[in-house]
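This report concerns only the one structure given below.
The values are calculated or read from the model by the stated rules, or taken from the named source; none is laboratory data. In this text, all values refer to a predicted model and were calculated from it rather than measured experimentally. Positions of Cβ are backbone-derived with ideal geometry, glycine not excepted, and every protein chain shown enters the neighbour counts.
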Amino acid sequence: MKGKIIILLVLVACMSVTAVFAAEKPTNPKQQTIWNLYVDSKEAYDMKQKLGDKMLLVDVRDPIEIMFTGFTDVVDINIPFKLANGSVWNNKKPVFLMEVNPDFEAEIAAALEARGLTKEAPVVIMCRSGGTRGAPAIKYLENKGYKQVYVVTDGFEGGKIKDGDRKNWRLKNGWKNSGLPWSYKLNKEKMYFPSK
């Protein structure tokens, strides 16, 4: 009887941990991952507070973007998934071309190793809004031995509001809009510097 109670308590504890870190699965297939592990910014923060150095929280935005939109020192490291190429114009959008960082996966693996972690450790990926780079970045980690890769579904800046005077401003959810710690001051030790 005592053994059954212990097993039941362990099962309840496991289910409550999963429930604490479980944002809704995105409806857009492009924002879904093979791991089906999703957290919102508050859950990512709580997860980092609980697990500390036993996980890796990665900001995958271009460091120049971070310089103008803000940063949270809660992240462990900035490893951009895409970098702006200032010499190539994107004709589909009125912006510079964003190119995939060819070393993205290797840099994630190196960041884990530098912290004494393996690919068994939770990796949490955060981009600007949760969908444009977060889930696509995670696809570059598929079939590379990673066991727990989460995407922050609302990202650092959150989603755009649809109506009113501030239509299209990123004021919906997101790290910045959730009362979580952030600043325009960057931590040089955590920022990405190209090896070239």
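For segment 121-162, name all the residues that are assigned to a helix (DSSP H, G or I) and among the hydrophobic types (A, V, I, L, M, F, W, C). Step through it out loud before you land on a result.
Residues of segment 121-162 that are assigned to a helix (DSSP H, G or I), as a first pass: 134-139.
Hits for segment 121-162 are Ala135, Ala137, Ile138.
Within segment 116-163, take every residue that is touching an Asp or Glu at 6+ places or on another chain (Cβ under 6 Å) and closer than 17 Å to Tyr192 by Cα and give me the one that is surrounded by the most Cβ atoms within 10 Å (Cβ to Cβ). Out of the qualifying residues, it is Met126. Residues that are in contact with a strand residue (DSSP E or B) (Cβ under 8 Å, 6 or more places away or on another chain) and within 14 Å of Arg61 (Cβ to Cβ) within segment 79-94 comprise Ile79, Phe81, Lys82, Leu83, Ala84, listed in sequence order.
Consider Val60 carefully, then state whether it is crowded, with 16+ Cβ neighbours inside 10 Å, touching a helix residue (DSSP H, G or I) at 6+ places or on another chain (Cβ under 6 Å) and more than 13 Å from Gly155 (Cβ to Cβ). When the stated conditions are applied, Val60 does not pass them. Screening Lys176, Lys167 for residues that are in contact (Cβ under 8 Å) with a residue 24 or more places away in the chain and not aliphatic (A, V, I, L, M) leaves exactly one candidate, Lys176.
With respect to Pro80, is the statement that it is buried (at least 20 other Cβ atoms within 10 Å of the Cβ) and either under 14 Å from the mean Cα position of the chain (by Cα) or at pLDDT below 95 (or both) true?
On the way: buried (at least 20 other Cβ atoms within 10 Å of the Cβ): yes; either under 14 Å from the mean Cα position of the chain (by Cα) or at pLDDT below 95 (or both): yes.
Yes.
The condition of being at pLDDT 95 or above and of a type in the set (Gly, Ala, Ser) holds for only one of Gly3, Gly70, that being Gly70.
Sort out for me the strands (runs of 3 or more DSSP E) sitting completely within segment 49-115 that have 3 or more residues that are farther than 23 Å from Pro181 by Cα and out of contact with any Ser or Thr (no Cβ under 9 Å at 6 or more places or on another chain).
Details: elements: 56-59, 82-90, 95-100.
So the answer is 82-90, 95-100.
Among the residues of segment 25-48, those that are surrounded by 15 or more Cβ atoms within 10 Å (Cβ to Cβ) and assigned to a helix (DSSP H, G or I) comprise Gln31, Ser41, Lys42, Glu43, Ala44, Tyr45, Asp46, Met47, Lys48. Just one of the numbered conditions (1) more than 15 Å from Ile77 (Cα to Cα); (2) loosely packed, with under 15 Cβ neighbours inside 10 Å; (3) modelled with pLDDT of 95 or more; (4) not aliphatic (A, V, I, L, M) is not true of Lys188: (1).
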